[in-house]
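One structure below.
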Amino acid sequence: MDTIPNGNAEQKFQELLAKLTATPAWSEKQQIELEMARDISVEMLRLAEQIRDGSVDIETCLMMLKYAKVLDFVMTTLASRRDIKPQTLRVIFKLAGLKVDEAYPG
């Protein structure tokens, strides 16, 4: 292993570090998707508090599961920087009984 600093290796490391720490540029559509995911998480928190307070029934648990699946889909897709087709997201939200933001395209 070379103990003498190599300027080229340092430059490559700095470029890699800048790339990893760069804030992603979200499109308006992705920002709306992120906001809808945040709304789902707020609803999941409400359900979790309801369950914690002792009002546990199968319907509430299934609703929590539906929300978790939708949230997982949205966040995984956004994290992998893939595009979600508006019609696909609308169908998923409709099946889960969730409201789609009016500003969302499609």
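Key figures
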{"item": "Residue exposure sequence - 49, 102 - by fewest surrounding Cβ within 10 Å", "result": "102, 49"}
{"item": "Lysine-lysine proximity count for the chain, Cα under 27 Å, sequence distance 8 or more or distinct chains", "result": "15"}
{"item": "Inter-label distance for residue 50 and residue 10, nm, one decimal - labels placed 7 Å from Cα along Cα-to-Cβ", "result": "5.9 nm"}
{"item": "The chain, relative contact order [Cα under 8 Å, separation at least 6], %", "result": "31 percent"}
{"item": "Loop-resident sites, segment 1-83, for trypsin sites (Lys or Arg not before Pro), counting at most 15 other Cβ within 10 Å (DSSP)", "result": "81, 82"}
{"item": "Residue-averaged [θ]222 nm for the chain, counting only DSSP H segments that reach four residues, each worth -39500 (n - 2.57)", "result": "-23500 deg cm²/dmol"}
{"item": "Cα-only radius of gyration and Dmax that characterise the chain, units Å", "result": "20.4, 65"}
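Every read-out reported here was derived from the displayed coordinates using simple, explicitly stated rules and does not represent laboratory data. This one's a predicted model, so the numbers in the text were calculated from it and none came from an experiment. Heads up, the Cβs are rebuilt from the backbone with ideal geometry, glycines too, and the neighbour counts pull from every protein chain shown.
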